[in-house]
1. Select from LEU12, LEU46, LEU21 the residue whose mean-square fluctuation is largest in a Gaussian network model of the chain (Cα-Cα springs shorter than 10 Å).
2. Taking 30 Å as R0, compute the FRET efficiency from the Cβ-Cβ separation of ASN56 and SER22 and round it to 0.05.
3. In Å and on Cα atoms, what radius of gyration and Dmax does the range 2-81 show?
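Every number here is computed from the coordinates shown, using simple stated rules; none is lab data. Values in this document were obtained by computation on a predicted structure and should not be read as measured data. Glycine also receives a Cβ, built like all others from the backbone with ideal geometry; neighbour counts cover every protein chain displayed.
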Amino acid sequence: MIKVLIADDHHLFRDGLTRILSAYPEIEVVASVASGEEAVTQGAALQPDLFLLDVNMPGIGGVGATRQLRAGNPEVNILMLTVSEQ
């Protein structure tokens, strides 16, 4: 089972991605959160195999969350997602 944590500030995107990933029996979405801070906190508690992080979120965002997650576990798997044109 691959445990995935999704972090994106747009709840419709999070919900859609959760539904798509949940269709695969080998994937479990263990958390769906709206900020980088929540990703770091929930990640520490849930220890997902993969983080799907939006680049731009309120607060620390995906880049800041990546820094914090890597500081605690340099081997953590992170995939950055964005619809931003920046």
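1. LEU12
2. Efficiency, from the Cβ-Cβ distance: 0.75.
3. Answer for the range 2-81, Rg first and Dmax second: 11.4, 33 Å.
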